[in-house]
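Student: Dropping the structure in here first, questions after.
The values are calculated or read from the model by the stated rules, or taken from the named source; none is laboratory data. Fair warning: this is a prediction, and the values are worked out from it, not measured in the lab. Because the Cβ atoms are built from the backbone with ideal geometry, glycine has one as well, and the counts that use them run over all protein chains shown.
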Amino acid sequence: MSNTLRLNSSSNKLETIEFYFNDKKLNGYKGEPIAASLLANGIKTIRTCEITGENRGIFCGIGHCYECRAEVDGIPNVRTCLTPARQGAKVFSQASGIKGDMEDES
């Protein structure tokens, strides 16, 4: 995989996968957080703020702030910094309003 924003420090061969963000096909590594895959593909904005319309993306990176939430495979409000990328996953920005319930933290 030759993404320009990836560190090339690993000698391990990681499994490359394809997933979709807003219907655009991207590459990532199986098991890495979706947010990391998006960032490695040059995508910094994952959603927009429901109130101000400002861009939102990775902020804390550990699941506390919910800034990186997106719809993943039809499930709204998934924290992409905690959710592993998997083959064929369909990830969509959440641009207006909080749809459904927040994901279960248990």
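Student: Go through the residues of segment 40-58 one by one and say whether even a single one is touching a residue at least 24 places away in the same chain (Cβ under 8 Å), within 11 Å of Ser93 (Cα to Cα), surrounded by fewer than 21 Cβ atoms within 10 Å (Cβ to Cβ) and not hydrophobic (A, V, I, L, M, F, W, C).
Tutor: Yes - at least one qualifying residue is present in segment 40-58.
Student: List the pairs whose first member sits in segment 73-92 and is farther than 16 Å from Asn22 by Cβ, whose second member is surrounded by fewer than 21 Cβ atoms within 10 Å (Cβ to Cβ) and of a type in the set (Val, Ile, Thr), and whose Cβ atoms are under 7 Å apart, counting only residues at least 6 apart or on separate chains?
Tutor: Every condition considered, the pairs that remain are Asn77/Ile98; Cys81/Ile58; Cys81/Ile62; Arg86/Ile17; Gln87/Ile17.
Student: Could you check segment 29-56 and list, in sequence order, the residues that are outside any loop (DSSP other than H, G, I, E, B) and either under 12 Å from Arg86 (Cα atoms) or not basic (Lys, Arg) (or both)?
Tutor: Tyr29, Pro33, Ile34, Ala35, Ala36, Ser37, Leu38, Leu39, Ala40, Thr48, Asn55
Student: For Gly63, which of the numbered conditions (1) farther than 29 Å from Lys13 by Cβ; (2) touching a strand residue (DSSP E or B) at 6+ places or on another chain (Cβ under 7 Å); (3) modelled with pLDDT under 95 fails to hold?
Tutor: Answer for Gly63: the failing condition is (1).
Student: While we're on this one: When you go through (1) part of a strand (DSSP E or B); (2) loosely packed, with under 13 Cβ neighbours inside 10 Å one by one for Val78, which number turns out not to apply?
Tutor: (2)
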